[in-house]
Amino acid sequence: MNIIQTVGLTKCFGDFVANDSIDLSVEETEIKCIVGENGAGKSTLMNMLYGLLWPTSGQILIRNKEIKLKGPTDAIRHGIGMVHQHFKLVNSLTVYENVMLGVEVNKGRTPIIDQKEEIKKVAALIEQYGFQLNPTDKIEDISVGSRQRVEILKMLYRNVDILILDEPTAVLTPQEVDELMVNLKKLREQGKTIIVITHKLREVMELSDSVTVIKQGKVVGNLKTEDTSEGELAQLMVGRDVVLPAISERNTDISEKVLYEVKNLTTINESGKELIDRISFHVKEGEILGVAGVEGNGQSELVKVLTGLMESTAGTVFLKGKDLTNIWPKQLRKNGIGIIPEDRYGQGLCKDMSIADNCIAGQQDDKGFCRLGILNKKCICDRRDKYIKDYDIRIGNVQGNVSDLSGGNAQKIIVARELEANPQLLIACQPTRGVDIGSIEFIHKQLIMFRDQGKGVLLISSELSEILSLSDRIIVMFKGRLVGELSSKEVTKMQIGLLMAGISERGSSL
Amino acid sequence: MKVNKVKYLNGLINTVLPVFLAFLIGGIAILAIGENPLKTYWILMEKSLFTSKGLMNTLHYASPLILTGLAIAITFKANLYNMGVEGQMLLGGFFAGITGAYLTGMSPLVHKVICLAVGVLCGMLFALVPALLKVKCNVNEMVVTLMLNYAVLKVLEYLATGVFRDLGSGYVATPTIQESAMFNRFGASSLTMFFIIAIICLAIMYVVMKHSKLGYEITAIGKNTEFAEAAGMNVKRKIMIMMMISGALSGLAGAGYMMSEQFKFTLGFSGSPGLGWDGMLIALLGGHNPLGVLVASIFYAALKTGSDNINLYTNVPKEIVAMVQGLIILFLAVKFIKRRAS
Amino acid sequence: MDLLNHILYDTIYHSTPIILCVLGGMFAYKANVLNIALEGMMLSGAFFTALIVLLTESIALGIVAGISSSLILGLIFSFMGITKKGNVIIVGLAVNLFVPALIAFILQLMSTSNINLNMLDATAFKINIPIIKDIPLLGGMLSGHPPLTYLSFAAIALLSVLMYHTKFGIYVRVVGENEDAAKSLGIKSDLFKYAAVLIGSVCCALAGVNLSLERLALFTNDMTAGRGFIAIAAIYCGQGKPVASSMYAILFGVARALAINLSIYAGAASGLFDIIPYIVMVIVLAVVSALKYRNSKSRIIKLE
């Protein structure tokens, strides 16, 4: 029987149709995966099922009865719970306080909270589901995998029958992903229905009973998992044969000359704890060095230090023999380092400024754009037009702001800007996150072309497939340290997975 | 192009509507005490804008306001809340007055230049304090500048009643400045060279904000400091530069006001609520843009000079103007027509 | 000895209005709504209380009027800043500019520049606690204060409990720390922001009552003299924690007490003592901020 169903569910934001007449049905105690490209409309659909967004038209049915959801509390009342991709936890509060948020227990008739009682209840729940959690730990002190379990626990406490998870494996190591899949299957045994939004097709094949494919806001396929394959799903998602990235063919040899050398780089956080610990590596001319690792193991901090946004407490950085340790961003660019930052709207672009203004960011001192402190608007606009043409950037209004662009096109502006400055080394951090497949292919090609000119690329990514397909050598980060170095020709996913989880090749924990 | 026209129109409505609403509510208050709001408002505007002498007076009073408005605009654009413009202005005005009074035997041109320079310097140095604190210790500049305003006011009170007091005067004041330091009036109005100086500063700031690299950087910093830093704009250094420019403009405002209108420092030098706070209204009304600041200064100066006339011709207390001022800021805080979220 | 007694007494005396403002303002701080209109709310409370007492000779009515006026300001502030998503700093500024102007307007209409509550004897408000008042040193400090002073210190404890041990307090903090988390669980974040601001209104109104009614039975249009801003500084220094922020408020009380009592020795420079509290606050803020960020290696400055 269908536990939850949508009929003609539609959501419009102004003129933009995010979800177009979606018909979805989920059977009781099945695990269904919803797949689609970035921006296809999966999250919008789930937000409507959880009451965070109101449908423009269409119906939602629970056990064949129509319901109207005014907000998350309504959804929970109907037995629908959601675990978001970006956790909605309060860091300074404890596990039990987060689980009980909104449903606290008071001491008798007083408004004072009964902390002992709350801890007892949460501990009992943890025991029942076999999660490894300590109720009195503060969220800011526990691991990412544990935080996700707190999120799931929050929903289980509220007795949901349907659990929706939005891209749950984005922040987990391969081993933690396996653990999660085991937990989800256990929950199914206990009578829960699970809906998982993901774009990782391997996980879809391993976990789900049925799959729904969404493309550009419409349902393009409803299949039983056993009847389909990764390739078929990929084709449905993009509407054409996707060549899953293979290891890049090399046209040139890697030289032996070291381009970029980092030794013992260390930095600490506000409590004095090391965020990155004695990191040492080098990049040769004509080489792409991939830095693998689950997000949150120091990669962001490493990039911040290497791009001048954070100071190191120890260690050195050299580019072709020149000391670049702890210099500021302006100096870095002048010395030939290009940067594709991790958060394109945080560090790479200014959403509320025009496209032209963004095209010269980082280069506003250049004589071509600026003389005696005055900016040459015509040159800037010419440069913008050149980028649009050469990098196939799709723009509605050329005078508009960056906020009007899609993720992929915005990312291309950054790529264009950095590559056109002709740097020696490109630091590319999560270069294709949240980008549509067409732009991903384009950006990957650009990186390879850049490398083939004898330059170097430092690629940091949590998409393992990206690392494997582009890198010549791979290093792995775990808890702020470098835990392994592998050549891409010989490596297996299993090896990397273990290293990403902190287990050394000898089998002991790092 | 149509998109830009709509944006422009929205901006205009966003500015005019708050003013209209504020006057409306003020009008209700005037009605409540039995007076005629339209008559009151007409008197407010008529004498200050529609007679040539009145207009000159208005422009004269607008001069320091243009400068304090610019001082606030340049920092608010970068999301730096420099509330210390009032204090920086007072400091500049005070020491310009001292220099004007005690330095004798100078040629008029040299004397004026020195006094203005002293004012600018004082403003700059005083603004340096919160700037350094912000950059070195990441202190909230809003709270610090507010505290320092009160501190500087007390210090100047002390100096004016003590060391620098003019014993010949009946109330608390510093000695009147020398003739060589006073700005000469053009004709019968009170308009002076100071107005021209203010306009020149405005023109310079316009070029800086719209066409220079610094203006680009200030805008970027105001929208996203992380982006600005990553793009190589040394944000900390720019913050210092912005605060110092702001302080310089404030000090210049105080100095010029001293030399063209007050001629001595008294406890009511800055009026009520104060030229610095007026500057805040003007910057907000002008959308933190130099041209907007110009229009807003003239409008506001007209209100101020007009308010004295209200006292003469009606029974409405002149505080009605200050009330309307508060209401304008209140309504300006909200954008009535927002850009449609994409 | 006498001097010490006076200093101690004055410290408590002068800390009271600041503590009340601090306690009121910290909820808004925790809810991430920066309420700088504390000054205006306090002034409004002081004025309308005095006005209504003058007109009706009823203290109770006066206090009700004072609190009501402050609540109305709080509602306007919340509506413009929260519901309409205006810039709260500008809204707060507007309130602070509007209130004194409105008061001056009304005073002008009444053809007076102050409100003198001659029918009241301010000393009658002072409570002399029987046994305690005779304890040397402590007695002089603890006894002889008007009721609101005792209330304000009790409130430190009460409001601490409210903030850390009740649903309300938790929700306010959650809304301020991670509004998304609150919304995803159906907590109406706007409601709690409003509540946080309105608590501030009530407390600031009481501070105003303390200033005009209890102490001097008088109102002048600059009575508050920046105390609201000092409270904001104290909240920042104490990072919104009740006890810590109140300690900074008391620090201000100490400075003022010293300024008043030592001024007879200082002669002409007595005016300068008044700048001590402001300078102290700036230094404390600098030190607190410097310590907070001392280990941060990040080069990025946050501007609100």
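FYI, it's all coordinate maths here, none of it is from the lab. Keep in mind that this is a model prediction, so the values were computed, not measured. Please note: Cβ atoms are built from the backbone with ideal geometry, for glycine as well, and neighbour counts cover all protein chains shown.
Of A:I327, A:I197, A:N297, which is farthest towards the positive pole of chain A's charge dipole, taken about the Cα centre with +1 and -1 on the beta-carbons of Lys, Arg and Asp, Glu respectively? It is A:I327, whose Cα lies furthest towards the positive end. Ranked by the mean number of other Cβ atoms within 10 Å of their residues, highest first, the peptides A:75-82, A:135-142, A:281-288 come out as A:75-82, A:281-288, A:135-142.
Evaluated with a Cβ-only charge set (Lys, Arg +1; Asp, Glu -1), the protein assembly as shown carries a dipole of roughly 1720 debye about its Cα centre, given to the nearest 20. Take every Cα pair under 8 Å whose residues are at least 6 apart in sequence, average their separation, divide by the length of segment B:36-314, and the relative contact order is 41 percent.
Would you please give the FRET efficiency between A:N183 and A:R63, computed as 1/(1 + (r/R0)^6) with r the Cβ-Cβ distance and R0 = 30 Å, to the nearest 0.05? Working from the Cβ atoms, E equals 0.75. The aspartates and glutamates whose alpha-carbon is closer than 19 Å to the alpha-carbon of A:K378, local same-chain residues fewer than 8 away aside, are A:D357, A:D365, A:D366, A:D390, A:E420, B:E217. Between B:I196 and C:L262, the simple spin-label model (points 7 angstrom out along Cα→Cβ) gives 5.2 nm.
Is there a simple number for the mean count of other chain Cβ atoms within 10 Å of the Cβ of residues in B:313-321, and what is it? Mind dumping the intermediate values first?
Details: counts 0, 0, 2, 3, 8, 3, 10, 5, 2.
So the per-residue partner count for this stretch is 4.
With the convex hull drawn around the C-alpha atoms of segment C:31-180, the volume per residue stands at 162 Å³.
The ranking of A:I22, C:I279, B:I28 by Cβ neighbour count inside 10 Å, starting from the fewest, reads B:I28, C:I279, A:I22.
Where in chain B is the longest stretch that carries no trypsin sites (Lys or Arg not before Pro) classed as loop by DSSP and with at most 15 other Cβ atoms within 10 Å? If you can, show how the numbers build up before the last one.
Numbers: sites that count: B:R165, B:K338, B:R339, B:R340.
In chain B, the maximal stretch lacking such sites is B:166-337.
Net length available on complete extension from C:L191 to C:I279 is 28.0 nm, with 0.36 nm assigned per residue and the Cα-Cα distance removed.
Among the trypsin sites (Lys or Arg not before Pro) within segment A:384-432, those in coil by DSSP and having at most 13 neighbouring Cβ atoms inside 10 Å are A:R394.
Filter A:K351/B:K236; A:K351/B:K304; A:K304/A:K377; A:K11/A:K389 down to the pairs with a C-alpha to C-alpha distance above 29 Å, please.
Values: A:K351/B:K236 22 Å; A:K351/B:K304 40 Å; A:K304/A:K377 31 Å; A:K11/A:K389 34 Å.
With Cα atoms farther than 29 Å apart: A:K351/B:K304; A:K304/A:K377; A:K11/A:K389.
Each 10 Å bin from zero up to the one holding the largest Cα-Cα distance in the protein assembly as shown carries the following percent of pairs: 2, 8, 15, 20, 20, 16, 11, 6, 2, 0, 0. Students often get this wrong, so check it: of B:K7/C:K84; A:K65/A:K185; C:K167/C:K188; A:K42/A:K386, which have C-alpha atoms separated by over 24 Å? Cα-Cα > 24 Å for A:K65/A:K185; A:K42/A:K386; rest within.
With each label modelled as a point 7 angstrom along the Cα→C-beta vector, the A:M205-C:D121 pair spans 9.4 nm. Most simply put, segment A:2-238 has about 55% antiparallel DSSP beta bridges, counting only bridges with both residues inside it. Between A:W328 and A:V17, the contour length at 0.36 nm per residue exceeds the Cα-Cα span by 107.6 nm.
Compute the relative contact order of chain A as a whole-number percentage, counting only Cα pairs closer than 8 Å that sit 6 or more residues apart in sequence. If you can, show how the numbers build up before the last one.
Details: 967 pairs, mean separation 74.2, N = 510.
The value is 15 percent.
Per residue of peptide C:182-191, the mean number of Cβ atoms on other chains within 10 Å of the residue Cβ is 5. The aspartates and glutamates whose alpha-carbon is closer than 13 Å to the alpha-carbon of C:K30, local same-chain residues fewer than 8 away aside, are C:E177, C:E179. Here the residues A:K11, C:K302, ranked from fewest to most Cβ neighbours within 10 Å of their Cβ, fall in the order C:K302, A:K11. A viscosity of 1.002 mPa s and a temperature of 20 °C, combined with the Kirkwood radius over C-alpha pairs in the Stokes-Einstein formula, give chain C a diffusion coefficient of 106 µm²/s. The relative contact order of chain C comes to 35 percent, based on Cα pairs under 8 Å that sit 6 or more residues apart. Remark: spin-label model distance A:E28-A:E256 equals 7.1 nm, labels positioned 7 Å along the Cα→Cβ axis. Other residues lying with their Cβ under 14 Å from the Cβ of B:L275 contribute a combined charge of -2, Lys and Arg counting +1, Asp and Glu -1.
Here is how the number arises for the protein assembly as shown: DSSP H runs of 4 or more residues each give -39500 (n - 2.57), the sum is divided by the residue count, and the result at 222 nm is -17500 deg cm²/dmol.
Cross-link pairs exceeding 24 Å between alpha carbons, from the set A:K120/A:K273; A:K138/C:K183; A:K257/A:K489: A:K120/A:K273.
Mind ordering A:343-355, C:191-203 by average Cβ neighbours within 10 Å, highest first? Could the numbers behind the result be given before it?
Numbers: A:343-355: 20.8, C:191-203: 23.9.
Going from most to least packed, we get C:191-203, A:343-355.
Within the protein assembly as shown, DSSP assigns beta bridges of which about 60% are antiparallel (rounded to the nearest 5).
Peptides B:115-123, C:15-23 ranked from most to least packed give C:15-23, B:115-123, packing being the mean of other C-beta atoms within 10 angstrom over each peptide's residues. Remark: the A:M449-A:Q235 segment gains 74.4 nm on full extension, using 0.36 nm per residue and subtracting the alpha carbon distance. A DSSP coil position with no more than 13 other Cβ atoms inside 10 Å describes the following chymotrypsin sites (Phe, Trp or Tyr not before Pro) in segment B:1-76: B:F50.
Counting, for every residue in A:403-409, the Cβ atoms of other protein chains within 10 Å of its Cβ and taking the mean gives 1. Ignoring lysines fewer than eight residues from A:K493 along the same chain, the ones with Cα atoms less than 21 angstrom from its Cα are A:K200, A:K479.
Summing Lys, Arg as +1 and Asp, Glu as -1, what charge do residues with Cβ under 12 Å from the Cβ of B:L214 carry, B:L214 excluded? Residues close to B:L214 contribute a combined charge of +3.
For a modelled paramagnetic label at A:M1, 7 Å from Cα along Cα-to-Cβ, the residues of segment A:63-82 in reach, with backbone nitrogen under 14 Å, are A:63-66. Taking other Cβ atoms within 10 Å as a rough exposure proxy, B:E319, B:E157 sort from fewest to most as B:E157, B:E319.
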